[in-house]
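The values are calculated or read from the model by the stated rules, or taken from the named source; none is laboratory data. These numbers were taken from a predicted model, which means no experiment stands behind them. Methodologically, a virtual Cβ is constructed for each residue, glycine included, from the backbone with ideal geometry; neighbour enumeration extends over all protein chains shown.
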Amino acid sequence: MASVLLAVPSFAQDADDTDAVPALKGALPAKTVDTAADPSLDNTDTAEPSKSSDTDFAIPPLRASLPSDELRAVVRPVPPSQSAKLPAVAPSLPAVTREADARAEYEPLGLRLGSFVVNATSSTGIGLRHHSTQGNETFFRSTGELAARSDWDSNSVDLRVGGAFRRSLAGIDEKLPEGDARIAGRFDVTGADRLTAAAGWTLRDDTSGSGKENTFSGSLGYERFGGLIGLKTGLGIDRTVNETDGTLDNTALSLSLRLSHDSGAVLQPFVEVGAFGREFDRPASGDGLSRSGVGGEAKVGVTVAQDDLTGEVALGYGYEWLKEDGLDDISGLIGSASLSWDATELLRLTATATTSFEPTSTARASGVLKRIGGGTVTYALAPNAFVVAGGELTLEDYVGIDRNVTTTALKAGVGYKLNRSVELGLDGEHKIVRSSEAGGDYTDSSVTATLTLRQ
């Protein structure tokens, strides 16, 4: 499958602050963590704790150590960066003090419009692909992204619009468009209370082969970090429309609550619980049964916040009761993780994991319990050059029938920045798919050369 590892930031996820106008920010920007759940609001805009005297008993402000990403239930769609056939995973270089000034010389400055900073990125690539069952292909890929971020002392608004298109030049006849748009806002009501809101649209090609999916999402959140107990609640709604199989059209609603021990320590435990429901427009095409249902989940985890290591890890259990008596309920262990470790000045290691309950119209199958885990190693050869390698493992277990699919993806590449605006990239990917269903096994390899322009 085609991969753009190096030359373009994924339009399906937020870029690190190392790409966010370092020249305007002056000092070295804080590092962000790319979450596997929906990475919508990064934590770099979080206010620093105020310095008060011993006689000042005011409620402390929001702690920078606690991420402000919205809570996500297993019923919500997997982030497009982890589910699309055209992944666009852009590594971020470790932002360390000794290297910061040199790397800043190769970062785009962006365009200031009032109190907003706007960045634009476009990438063009040509690649070769070999599919074990479909044959060989030469393809062209074009990707673009426009991002705007407010530059306010408090509160924030982020807007991102992106798209990608891949077309065969010879060989396999296919066209794969993708799109993503998102606006997210944060409003600090007090020094300890915050409201968040986000809305977005995603067009993706699902790896299950069910066709193109349009997902329209919205979320509202409230956070309070005062004293030793932090509270975070989130309400999310997702409307999914499948362009190939209309029986997969559904609306999902989720509500989550997290309580954390906000002590300001490096390790902070938390407990998270949630309830959700999913309603399908019509019965599935495979057996005429509806997959509508309700469920809940509970997780315990810990957040990590220090100079070179940030993120969180959680483990729990999820259960979904389906309304149809002829279908099995969906249940299983669920986990999530998002960790970023700057092991040295030149080396960054990242790891992510997600769990989701995916819908299906396959006869007698209630749904798909999908688990995704991956890691990336990024090494800076120079302030303007780096290499990256990584892998991802996806496990899909069809509930109610004896079918499972395992996908292993290995990726590697190199990137070289000529200046602030021009970058060259070369990357490769090898994917191995093993299915318990007859004829479901295949391998897919590709190599892509890209030219990226940034403003």
If you go through segment 270-289, how many residues are outside any strand (DSSP E or B), under 29 Å from the mean Cα position of the chain (by Cα) and not hydrophobic (A, V, I, L, M, F, W, C)?
1
Residues (touching a Phe, Trp or Tyr at 6+ places or on another chain (Cβ under 7 Å), in contact (Cβ under 8 Å) with a residue 60 or more places away in the chain and aliphatic (A, V, I, L, M)) located in segment 364-413
ALA365, VAL368, ALA380
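For (1) at pLDDT below 90; (2) closer than 24 Å to LEU259 by Cα; (3) of a type in the set (S, T, N, Q); (4) crowded, with 17+ Cβ neighbours inside 10 Å, each residue gets a yes or a no:
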position	(1), (2), (3), (4)
VAL302	no, yes, no, no
ALA305	yes, yes, no, yes
ALA314	no, yes, no, yes
TRP321	no, no, no, no
GLY332	no, yes, no, no
SER340	no, yes, yes, yes
THR354	no, yes, yes, yes
PHE357	no, yes, no, yes
Could you figure out which of (1) touching a strand residue (DSSP E or B) at 6+ places or on another chain (Cβ under 8 Å); (2) among the basic types (Lys, Arg); (3) more than 27 Å from LEU333 (Cβ to Cβ) isn't true of ARG282?
(1)
Answer yes or no: is there a residue in segment 247-263 that is touching a residue at least 24 places away in the same chain (Cβ under 8 Å), part of a loop (DSSP other than H, G, I, E, B) and within 30 Å of GLN306 (Cβ to Cβ).
yes
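Conditions (1) in a strand (DSSP E or B); (2) farther than 28 Å from GLN134 by Cβ, marked per residue:
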residue: ARG371; (1), (2): yes, no
residue: LEU381; (1), (2): yes, yes
residue: GLU396; (1), (2): yes, no
residue: GLY415; (1), (2): yes, yes
residue: VAL433; (1), (2): yes, no
residue: GLU437; (1), (2): no, no
residue: LEU453; (1), (2): yes, yes
Test ALA88 against the criterion of being closer than 30 Å to LYS212 by Cα, modelled with pLDDT under 85 and aliphatic (A, V, I, L, M), and give yes or no.
yes
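Would you mind finding the one in ALA198, ALA181 that is surrounded by 19 or more Cβ atoms within 10 Å (Cβ to Cβ), part of a strand (DSSP E or B), among the aliphatic types (A, V, I, L, M) and within 23 Å of the chain's Cα centre (by Cα)?
Exactly one of ALA198, ALA181 is surrounded by 19 or more Cβ atoms within 10 Å (Cβ to Cβ), part of a strand (DSSP E or B), among the aliphatic types (A, V, I, L, M) and within 23 Å of the chain's Cα centre (by Cα), namely ALA198.
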I need a count of the residues in segment 356-405 that are closer than 30 Å to GLU105 by Cα and of a type in the set (A, V, I, L, M, F, W, C).
9
Given VAL414, VAL388, which one is buried (at least 19 other Cβ atoms within 10 Å of the Cβ) and of a type in the set (Val, Ile, Thr)?
VAL388
